[in-house]
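Report on one structure; see the data block that follows.
The values are calculated or read from the model by the stated rules, or taken from the named source; none is laboratory data. Everything numeric in this text was worked out from a predicted model, so none of it was measured. Because the Cβ atoms are built from the backbone with ideal geometry, glycine has one as well, and the counts that use them run over all protein chains shown.
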Amino acid sequence: MAGLLEKLRGITEKLSPSKSQTGASEEFVELEPVPKKISAKIFCEKYTLDEFDDVKYVIDSLRTGSVIAIINIKPLGSKSRVELQRAINKIKKTVEALNGQVIAIDEDWVVAAPSFVEIRKGKKGETE
């Protein structure tokens, strides 16, 4: 039995390369990190309200929590002031529920942002 074990050891030593043939007993290969493609985490999207039903698309995107919506309200405002007011109120309620902000840039544009975005109104030429 001992002879059989010695023969097996001899065979395995012949088949496997010795330490002197491979160099060190363990070799490490240093790999360069592969850069990952960075995708946007926050999106700034432009919307146009042509009719009241367009509010649904704005609200759906705001609920994702990763969209800052820039909304053109002029087309709906020129059709119906009542529908425009309904649309703005609906957007405001949704954004307030998400702890975000809604501001009017001028008569034709509104910006709605999630809670992690702070919108500041500045005066011309003023910086902080």
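Test V110 against the stated conditions and say whether it is exposed (fewer than 10 other Cβ atoms within 10 Å of the Cβ), among the β-branched types (V, I, T) and within 21 Å of K56 (Cα to Cα). So that I can check it myself, show each step before the final result.
Details: exposed (fewer than 10 other Cβ atoms within 10 Å of the Cβ): no; among the β-branched types (V, I, T): yes; within 21 Å of K56 (Cα to Cα): yes.
For V110, the condition - exposed (fewer than 10 other Cβ atoms within 10 Å of the Cβ), among the β-branched types (V, I, T) and within 21 Å of K56 (Cα to Cα) - is not met.
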Checklist entry - If we scan region 25-41, do we find a residue that is modelled with pLDDT of 65 or more, of a type in the set (V, I, T) and surrounded by 12 or more Cβ atoms within 10 Å (Cβ to Cβ)? => result no
Checklist entry - If L76 passes every condition in (1) surrounded by 14 or more Cβ atoms within 10 Å (Cβ to Cβ); (2) at pLDDT below 75 but one, which one does it miss? => result (2)
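If I filter region 87-107 down to residues being of a type outside the set (A, V, I, L, M, F, W, C), loosely packed, with under 14 Cβ neighbours inside 10 Å and within 18 Å of L62 (Cβ to Cβ), which single residue comes out as farthest from the chain's Cα centre (by Cα)?
Pass one, region 87-107, residues of a type outside the set (A, V, I, L, M, F, W, C): 89-90, 92-94, 96, 99-101, 106-107.
This time we only want the ones that are loosely packed, with under 14 Cβ neighbours inside 10 Å, so: 89, 93, 96, 99, 106-107.
In the following step, the residues that additionally are within 18 Å of L62 (Cβ to Cβ) were identified as 89, 93, 96, 99.
On the way: N89: 27, K93: 24, E96: 21, N99: 19 Å.
The qualifying residue farthest from the chain's Cα centre (by Cα) is N89.
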